[in-house]
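The values are calculated or read from the model by the stated rules, or taken from the named source; none is laboratory data. As the structure is a computational prediction, the values presented were derived from the model and not from experiment. With ideal geometry, Cβ positions are generated from the backbone for all residues, glycine too; neighbour counts draw on all protein chains shown. For accessibility, only protein heavy atoms count, side chains too; no ligands or nucleic acids. Shrake-Rupley method; radii C 1.70, N 1.55, O 1.52, S 1.80 Å.
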Amino acid sequence: MPDWMNRRRLAVAGTTALVVATGALAVNATTASADRGHARAKIARATLHSADGSTVGRVTLRQTRGKVVVKATARGLAPGFHGFHIHAVGRCDANAPDGPFTSAGGHYTGGRPNHGDHAGDLPSLLVTDNGRARLKFVTDRFTLRELRDADGSAVMVHAGRDNFANIPDRYSAAGQGGPDATTLATGDAGARAACGVLR
Ligand SMILES: [Cu+2]
């Protein structure tokens, strides 16, 4: 074999080895980032801040098969029941023009029109006399993937109680029985006391 042919074969073999090595690195890197992405996909967290900026709680959402397990802890809140929801936008601006945390938009509805049925309606947070709350429950009304839409989502604690639009017909408003439009949108849970962007 002429010398030039040998050199060429070596060069080709060297190139192949380099390609294989680079390929292996690329595969490893892809696997590692996929693992991180997978872990991130299964857990979402929110830190709850009150309008004065202090941290008042934490919420963890863990995706399991067909369900999401939600855990919440809070402190420094007024004792009693508080409306607790996922809101449609992942923005918790305490100085929003329409009032603290109105930047988070309305409830995350998941396409269900009325409060009580909204995908983001959650069991109420019961704050004990020492200002603390702990809550754990399961919901099958959304997936973390759905909450991670283009504008994100936020967890909201309201100042007041949620009536879940459970307004019997005997309570008539403007001659019309049952819940009005505001109740059907909000549950009448009042001002927004604490907010956390889901991450
Ligand atoms: Cu709300």
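Listed values, structure above:
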| quantity | calculated |
| --- | --- |
| Derived scalar couplings ³J(HN,Hα) [the range 180-193; Karplus, 6.51 cos²θ - 1.76 cosθ + 1.60; whole Hz; x for Gly, Pro] | 8, 4, 5, 4, 5, 8, 10, x, 6, 7, x, 4, 9, 8 |
| Positive-pole candidate from Ala41, Leu125, Phe84, dipole of the range 41-199, charges at beta carbon | Ala41 |
| Placed amide H near Leu48: partners under 5 Å, 5+ positions off or other chain | Val56, Gly57, Arg58, Val59 |
| Phi to ³J(HN,Hα) by Karplus 6.51 cos²θ - 1.76 cosθ + 1.60 over the range 75-83, Hz, x for Gly, Pro | 8, x, 10, 5, x, x, 7, 10, x |
| Between the range 119-169 and the range 75-99, the alpha-carbon center distance in angstrom | 10 |
| Within-9-Å neighbourhood charge of Gly152 [Cβ basis; K, R +1; D, E -1] | +1 |
| Accessible surface of the range 88-179, 1.4 Å probe, proportion on carbon and sulfur as whole % | 45 |
| For the range 93-199, accessible area per residue (1.4 Å probe, heavy atoms of protein chains only), Å² | 55 |
| Area accessible to solvent at His82, 1.4 Å probe radius, in Å² | 10 |
